[in-house]
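What follows is a set of notes on a single structure, which appears directly below.
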Amino acid sequence: MQIRDLLPIAPLLFSRSPLQLAAMDKDKIKARRERRQQFLRTLYEEVDGSVNEFIDGLELASGLGADVAEGRRIIAYLEEKGLLKVDDHKAGIIRITADGVDAVETE
């Protein structure tokens, strides 16, 4: 990438102060964290706290207003944290884990 490639977006980069950009990042991070928490709470409610019941995680994410890409990111993050297990990555079939149940119940 060369400097001339950045010229079309230069006004966007330099029209905001570093503090404004940091605040935007914080807001985006906060929204992402809240969406993940909402997803886990909704999963818990859908399965009534059962660690044995599987559901369509992408459908759950869609019901919360997330697109497929965001749904997959949420599922991957929560799986990495050990809060849910993925039975079928392609179809997005998931279940909550005992740690996921504990996380919701101790909020």
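At a glance:
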quantity: Candidate set from region 57-107 (those that are over 14 Å from residue 37 (Cα atoms) and of a type in the set (Val, Ile, Thr)); member that is modelled with the lowest pLDDT; calculated: 68
quantity: Complete set of residues in region 43-52 that are loosely packed, with under 15 Cβ neighbours inside 10 Å and out of contact with any helix residue (DSSP H, G or I) (no Cβ under 8 Å at 6 or more places or on another chain); calculated: 45, 48, 50, 52
quantity: Filter result (farther than 10 Å from residue 56 by Cα and among the charged types (D, E, K, R)) within region 88-106; calculated: 90, 99, 102, 105
quantity: Test for residue 57: is it exposed (fewer than 13 other Cβ atoms within 10 Å of the Cβ), closer than 24 Å to residue 106 by Cα and touching a Gly at 6+ places or on another chain (Cβ under 9 Å); calculated: no
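Condition check ((1) surrounded by 12 or more Cβ atoms within 10 Å (Cβ to Cβ); (2) among the basic types (Lys, Arg)) across all residues:
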| residue | (1), (2) |
| --- | --- |
| 30 | no, yes |
| 33 | no, yes |
| 65 | no, no |
| 74 | yes, no |
| 104 | yes, no |
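The values are calculated or read from the model by the stated rules, or taken from the named source; none is laboratory data. Predicted model, so just to flag it, every value in this text is computed and none were measured. Neighbour counts run over all protein chains shown; Cβ positions are idealised from the backbone, glycine included.
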